[in-house]
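Asks: Below is a structure I'd like to ask you about.
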Amino acid sequence: EETGPQIRPFSRKLPAQTLAWRLSPENLQALKRLMEELTLKAYSKSTVRTYRSEFLQLLQLLKQKPVDSVTPEELRRYLAYCLQKEGITENTADSRINAIKFYFEQVLKRDKFFWEIPRPQKPAQLPRVLSQAEVTALLNSVKNKKHKTMLMLAYSGGLRVSEVVALRTRNIDSERMCIFLERAKGKKDRLVPLSPVLLV
């Protein structure tokens, strides 16, 4: 994947093995504008990667047809094709819609460009929850104290992996028994309870 600042993702020659190398000049410019807008709006790195990847799928299929000329009806047929022929999941379809919607509505400023395109219904699946015995067995199997603490933080506080990794000593308030998470998902701060077991 290209290196350098995200706001200039194509400042050097693209290697032939990348998907972007095979785009038409117009669609390569569209991809660049998408990346620039995401960067200027300070989207997370994971969102930037996802949107770039999903938008590329459309650009690859278009070949020489400029993406700016695509109509809502053509997008509707494209998304039906992705679900029926490519067999993408509902979650992938949702991400692809978000990426394309961002380009047309945020980059090209086309108001309500997607109002007639429905989103696929996601299956309502219950999460698999570990029993207390399973959790205990899992934690007891970890011998490294640092790793065990990280697992206990994630489990007791419901923290994401990225939140555990970003945690610092200053974020632990043992007097109030809480953990302060800075700029968590959605770039929002939040407080979670601190388990007394973690202070032992």
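The values are calculated or read from the model by the stated rules, or taken from the named source; none is laboratory data. The model shown is predicted, which means the values in this text are computed figures rather than measured ones. When we count neighbours, we look across all protein chains shown, and the Cβ atoms used for this are built from the backbone with ideal geometry, even at glycine. For accessibility, only protein heavy atoms count, side chains too; no ligands or nucleic acids. Shrake-Rupley method; radii C 1.70, N 1.55, O 1.52, S 1.80 Å.
Asks: Between Lys32 and Lys112, what FRET efficiency follows from the Cβ-Cβ distance if R0 is 41 Å, with the result rounded to 0.05?
Replies: The pair Lys32/Lys112 has a calculated efficiency of 0.95.
Asks: Using a probe of 1.4 angstrom, how much of the accessible area of segment 125-200 is carbon and sulfur, in percent?
Replies: Its accessible area is 58 percent carbon and sulfur atoms.
Asks: I'd like the FRET efficiency for Asn171 and Lys45, computed as 1/(1 + (r/R0)^6) with the beta carbon distance as r and R0 of 30 Å, rounded to 0.05.
Replies: 0.90
Asks: Looking at segment 91-151, which chymotrypsin sites (Phe, Trp or Tyr not before Pro) are DSSP coil and have at most 15 other C-beta atoms within 10 Å of their C-beta?
Replies: Listed in order of number, the matching sites are Trp115.
Asks: Which whole-Hz ³J(HN,Hα) couplings does segment 85-91 yield from phi under the Karplus relation 6.51 cos²θ - 1.76 cosθ + 1.60, θ = phi - 60°, glycine and proline marked x?
Replies: Karplus-based 3J(HN,Hα) across segment 85-91 equals 8, 7, x, 6, 6, 4, 5 Hz.
Asks: Using 7 Å Cα-to-Cβ label points, what is the Leu198/Ser24 separation (nm, one decimal)?
Replies: Output for this residue pair reads 5.3 nm.
Asks: Sticking with this structure for a sec: Kindly flag which residue pairs out of Lys63/Lys188; Lys41/Lys85; Lys65/Lys187; Lys85/Lys112 have an alpha-carbon separation exceeding 29 Å in this structure.
Replies: Lys63/Lys188; Lys41/Lys85; Lys65/Lys187
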